[in-house]
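Here is the structure we will look at.
The values are calculated or read from the model by the stated rules, or taken from the named source; none is laboratory data. Quick caveat, the model's predicted, so the values are computed rather than measured. Heads up, the Cβs are rebuilt from the backbone with ideal geometry, glycines too, and the neighbour counts pull from every protein chain shown.
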Amino acid sequence: MKETKMSNHLSGGRLNVSILQETMRKELLNLLHICEGSKLIIWDEWLANPVGLVAQYSLLMEHEVADIFPLKPGTLPTISVKHIIFIARPKLVLMDLVTDYILSLRNKQSTSVEFHLFFVPRRSELCEKHLKNRGVLGTLSIEEFRCDIFPFDSDVMSLELQNDFRENYLEGDPTCLYNAAQAIRTIQQLYGIIPRVYGKGEAAKQVWDLLCRLNKEEQGSPRGASTSCIDQLLLLDRAIDFTSVMATQLTYEGLIDELYGIRSSTVTFPGHKFVSPDDARPEVTAREKKRIILNSSEELFAELRDCNFTAVGAQLSKKARIIKTQLDERHNDKSVQEIKQFVSRLPQMLANKQSLATHTAIAEYIKETTDSFEFHDTIQCEEDFINGIDNDKVCPFIEDLIAQKAPLTKVLRLICLQCVTGSGLKPKVLEYYKRELVQVYGLSTWLTLCNLEKCGLLKAQTGPRHYTVLRKTLHLTMEEFEIEAKEKSYLSSKYIPLTVRLSEHISKNKGWSAIADVLGSLPGPLLEELQSLQPRMTRRNSISSENSSSMENARVVLVFFIGGCTYHEISALRSISQQEESNVEFVILTTKLINGNTFMESLMEDY
Amino acid sequence: THVRDAIEQSNPGSVEASLISARECYRKGRNDLGVSICEEARKLCKQQSSLQETYGESFVGLSLHDTVKKLLEQGEIKLADKLRSEYRMPDKRYWWLRILVMADSYKWDDLEKF
């Protein structure tokens, strides 16, 4: 009962994401049924939150799970259970932890325990070999928990891969590409074959090629035979658009993420602003951390999340007035009938009031930061870069930040933003920044800088300035008056991410051809394919007009960000589909949800 | 990777050795900035170990910025000045540092005299 209620928010869109959740959950329960009797689960901590989106704690309890522990160094309290289940990603470090735990338990306990290891999302040769070398493979029964996509919301799904961009671009480890290709397969198995496929960037091409190969290898096995309710798939490589990641997100959800960090829809705030007058023990609430789950099941948050933060205050006070008048109605109600009606609405109204209080508190936290001079200056500096002002000089604001030894992530974000919007930095400027950074932040910064150069975030200027061209043709920036003209609520920021403009273009046109020459300046190849029902018959570059009639109807476009996407991009895509003339619905699939800080940190050296 | 070795080591002698091999690699690769960064780091490391002997506090592993800051905090303005000119620290950053250090140590009179 409770289960179904929890996942309502997933089935709202035209693509029913709850099917995905249901499948993954069944998979887990089937695996748990293999181990009859009481069990203890030991988690890879990274997975705890995402898997929570698939199966709640209470559900596990119903299936004889006695307790759950995180998998980390140190000994765990011993509980007598029949089965001990490790659920982990195939990483060598984690395998070591599993081994250590098994060995320490073997020495202590005499009762027979069966060990299981569930790999998420799939097993790895290397890890099994490692376990064998350490002599524990024989005692383990190994299973796969094929959960590679985690449902976040009715239009957002994520693979939750840690450090995927770094692994692919710095360490040359293509596992994440493989995972991405497998994820598309999972989607096609569940929802059918997606007829049109587009893509841009090196990684997009690689994922697509891999997908074709996987399809060929498994020709015999049954696959989703029907055409999908998804009309188009757009694969985007993160490397084509760094600007959108480096700039600070200014939407409500984006800012929450920038300042407090959202992990798998969950965010933690300090407690002191959540004290309410009718709290039994206010001092306890104030000290505790407040965990909040953010998704569209909360009506108010669904309305607020995509707004620019400056609009949130007004929205909140409007909402407050509505709730107040609703509650005040009870004084006017006379007849029994009316009162009955009122009472039936009461739980909903009280819930609304509660969520209003919560979001007012969150907004206050954010406002503390956004009101500061430092924040204003940073935003101003970013806006200048995005509009192409002073990209070729050493920026005095950045100089000051370095001199004050501001957080390195912040400084690097700004420098990289200057670099990507200027299509490279003048060699002299670049050298100056590098020298400065090493002198202030130490030698390890040098290695970080090398990393950034390796993935193209930092580079010296060569050739013409592509960004300026892109900005004009794709209309990436908005002037003040344009925002006035269009409805204010539609645009959440003056900058519209490049990835979003590309998605918009694809959804409106039947291919890249109109902007192909502009896109040539972005790294990586263009991809344009047609998938028929038998994927092996895929023909290259053959855009026929066979089902042009269906193009008139509302369409669903799956946008797959390989290398991560930001909340700002999601919000912008949402607002495009909410526009009146639009008949497109975007569904977002990403390898991970990122923001500038997490992205930068994943590329830094001592990470 | 020689640079990484240098960062991980704590003994000044071996740090210098790693930096020298890193410098040679950069020289072969014609990366001038890399060469000068390594050379600077090596020089700094050497000075830091001698500072460490004089003051009995740990200097090695700090960045230039933090080294100068530490000297300023100890009131060694002359020494700090010397490092500044030696490594061509930009004026802007140096004076920021001077002011911040003074503010941190509540030397408001000095700050006023500035």
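How many residues are surrounded by 10 or more Cβ atoms within 10 Å (Cβ to Cβ), under 25 Å from A:F301 (Cα atoms) and not aromatic (F, W, Y) if we restrict to segment A:322-346?
So the answer is 9.
I need the full set of residues from segment B:28-43 which are buried (at least 16 other Cβ atoms within 10 Å of the Cβ) and facing chain A (nearest Cβ under 9 Å), in order please.
Those that are buried (at least 16 other Cβ atoms within 10 Å of the Cβ) and facing chain A (nearest Cβ under 9 Å): B:L33, B:G34, B:I37, B:C38, B:E40, B:A41.
For segment A:565-584, enumerate the residues that are of a type outside the set (F, W, Y) and either within 14 Å of another protein chain (Cβ to nearest Cβ) or buried (at least 23 other Cβ atoms within 10 Å of the Cβ) (or both).
Residues satisfying the conditions are A:C565, A:T566, A:H568, A:E569, A:I570, A:S571, A:A572, A:L573.
If I ask for residues that are facing chain B (nearest Cβ under 7 Å) and modelled with pLDDT of 85 or more, which ones from segment A:432-461 would you list?
Matches in segment A:432-461: A:K434 only.
Filter segment B:49-64 for residues that are in contact with a Gly (Cβ under 8 Å, 6 or more places away or on another chain) and not aliphatic (A, V, I, L, M); which is farthest from the other protein chains (Cβ to nearest Cβ)?
B:G61
Please work out if A:I84 is among the aliphatic types (A, V, I, L, M), surrounded by 19 or more Cβ atoms within 10 Å (Cβ to Cβ), modelled with pLDDT under 85 and more than 30 Å from A:F561 (Cβ to Cβ).
Against the criterion (among the aliphatic types (A, V, I, L, M), surrounded by 19 or more Cβ atoms within 10 Å (Cβ to Cβ), modelled with pLDDT under 85 and more than 30 Å from A:F561 (Cβ to Cβ)), A:I84 qualifies.
Look at B:R88 and say whether it is within 10 Å of another protein chain (Cβ to nearest Cβ), under 19 Å from A:L437 (Cα atoms), within 14 Å of the chain's Cα centre (by Cα) and surrounded by fewer than 16 Cβ atoms within 10 Å (Cβ to Cβ).
So B:R88 fits the description; yes.
Select from segment A:570-600 the residues that are closer than 23 Å to A:K410 by Cα and assigned to a loop (DSSP other than H, G, I, E, B) and list them in ascending order.
Correct list: A:K592, A:I594, A:N595.
Which ranges mark the helices (runs of 4 or more DSSP H) fully within segment A:347-462 that have 1 or more residues being among the polar types (S, T, N, Q) and surrounded by fewer than 21 Cβ atoms within 10 Å (Cβ to Cβ)?
Counting at least 1 such residues, we get A:373-386, A:408-421, A:444-454.
A:I389 - would you say it is without any contact (Cβ under 8 Å) to a residue 12 or more places away in the chain, closer than 30 Å to B:K92 by Cβ and over 28 Å from the mean Cα position of the chain (by Cα)?
So A:I389 passes the test.
Could you say whether any residue in segment A:113-123 is part of a helix (DSSP H, G or I) and touching a residue at least 24 places away in the same chain (Cβ under 8 Å)?
Within segment A:113-123, none of the residues are part of a helix (DSSP H, G or I) and touching a residue at least 24 places away in the same chain (Cβ under 8 Å).
Within segment B:46-71, can you find the residues that are within 24 Å of A:Y432 (Cα to Cα) and either over 12 Å from the mean Cα position of the chain (by Cα) or among the hydroxyl-bearing types (S, T, Y) (or both)?
Of everything in segment B:46-71, those that are within 24 Å of A:Y432 (Cα to Cα) and either over 12 Å from the mean Cα position of the chain (by Cα) or among the hydroxyl-bearing types (S, T, Y) (or both) turn out to be B:S63, B:T67.
Just one of the numbered conditions (1) modelled with pLDDT under 80; (2) assigned to a loop (DSSP other than H, G, I, E, B) is not true of A:L470; which one?
Unmet condition: (2).
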